[in-house]
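Shown next, in structure tokens, is the structure this report addresses.
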Amino acid sequence: MNSARTQKIIALFADDSRAAKAITALREAAWPIADVHGPIPSEAISKALGVKKSMVGWFTLLGGVIGFFLGYFLAVFTATRWDLMVSGKPVLSYVPFFIVGFEFTILFAVFGNVLGLILLARLPAYQDLPHHVTRCSSDRFGVVVDCDPDKENELRAILTQLGAEVPEESGMDGES
């Protein structure tokens with residue numbers, strides 16, 4: 001599709017299930033979906049768009065595992081370095097070291113989570129949102145669809161049939 005002639009049509013939906021059904025229907029009919037906006041995250045819309053599950057959890061898991069072993073071995077190293085005997089107990093008392101390992105697990109899991117979020121979200125992104133729709137920040141879900149100007153009426157009819165509100169001023173230039 002030639003981006004110089006592309007127009008963007010915004011379809012507004014009252015709930016996420018209607019928006020997800022419309023996205024599925026539009027994708028099956030080969031209409032290119034430019035963007036989707038909503039006031040809350042939606043699992044139904046993510047499934048309809050075919051969004052893969054995030055890999056941030058793996059960063060969290062890796063950080064937690066590294067943190068546990070680092071904390072545990074830090075406690076072991078400290079105990080063996082200074083031979084601190086407490087009440088005649090052995091120098092390497094493994095059960096209390098698990099507490100230090102647990103605390104490091106939590107700390108490094110948070111570090112891994114934040115690092116994964118920053119890396120996978122490609123932050124910082126110094127660009128504006130190309131098709132931000134303010135109406136979709138309170139009570140509507142918006143689907144932005146690319147279309148040629150000569151097929152605009154056809155797309156508006158399809159969107160209306162799918163249960164969308166299609167404002168007349170929703171057409172935008174395809175410059176972005």
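None of the figures in this text is laboratory data; all of them are computed from the coordinates on show. Every value quoted in this text rests on a predicted model; they were computed, and no experiment measured them. For neighbour counting, all protein chains shown are included, and Cβ atoms are generated from backbone atoms with ideal geometry for every residue, glycine included.
One table, with the values for the structure above:
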| read-out | value |
| --- | --- |
| Of Asp139, Asp150, Asp83, the one that fluctuates the most in a GNM where the chain has Cα springs shorter than 10 Å | Asp83 |
| For peptides 117-125, 67-75, sequence by mean Cβ density within 10 Å, most packed first | 67-75, 117-125 |
| Over the chain, relative contact order from alpha-carbon pairs under 8 Å, at least 6 apart, % | 49 |
| Farthest toward positive dipole pole in segment 1-129 [+1 Lys/Arg, -1 Asp/Glu at C-beta], among Phe108, Leu92, Ala121 | Ala121 |
| Share of pairwise Cα separations in segment 56-120, more than 18 Å, in percent | 43 |
| Interchain or long-range residues, amide H under 5 Å from Val36's placed H | Val144 |
| Filter on Lys52/Lys151; Lys21/Lys151; Lys47/Lys151 - keep pairs with C-alpha separation over 24 Å | Lys52/Lys151; Lys47/Lys151 |
| Hz values of 3J(HN,Hα) by residue in segment 83-95 - Karplus curve (6.51, -1.76, 1.60), Gly and Pro given as x | 6, 7, 9, 10, 6, x, 6, x, 5, 9, 9, 5, 4 |
| Relative contact order [Cα under 8 Å, 6+ residues apart], segment 56-120, whole percent | 59 |
| For the chain, size of Cβ-based charge dipole, Lys and Arg +1, Asp and Glu -1, in debye | 900 |
| Stokes-Einstein diffusion coefficient of the chain, Kirkwood radius over Cα pairs, 10 °C, 1.306 mPa s, in µm²/s | 79 |
| Mean Cβ neighbour count within 10 Å, used as a protection proxy, ranking 25-37, 49-61 highest first | 25-37, 49-61 |
| Rough spin-label spacing in nm, given labels placed 7 Å along Cα→Cβ, for Ser137 and Asp83 | 6.7 |
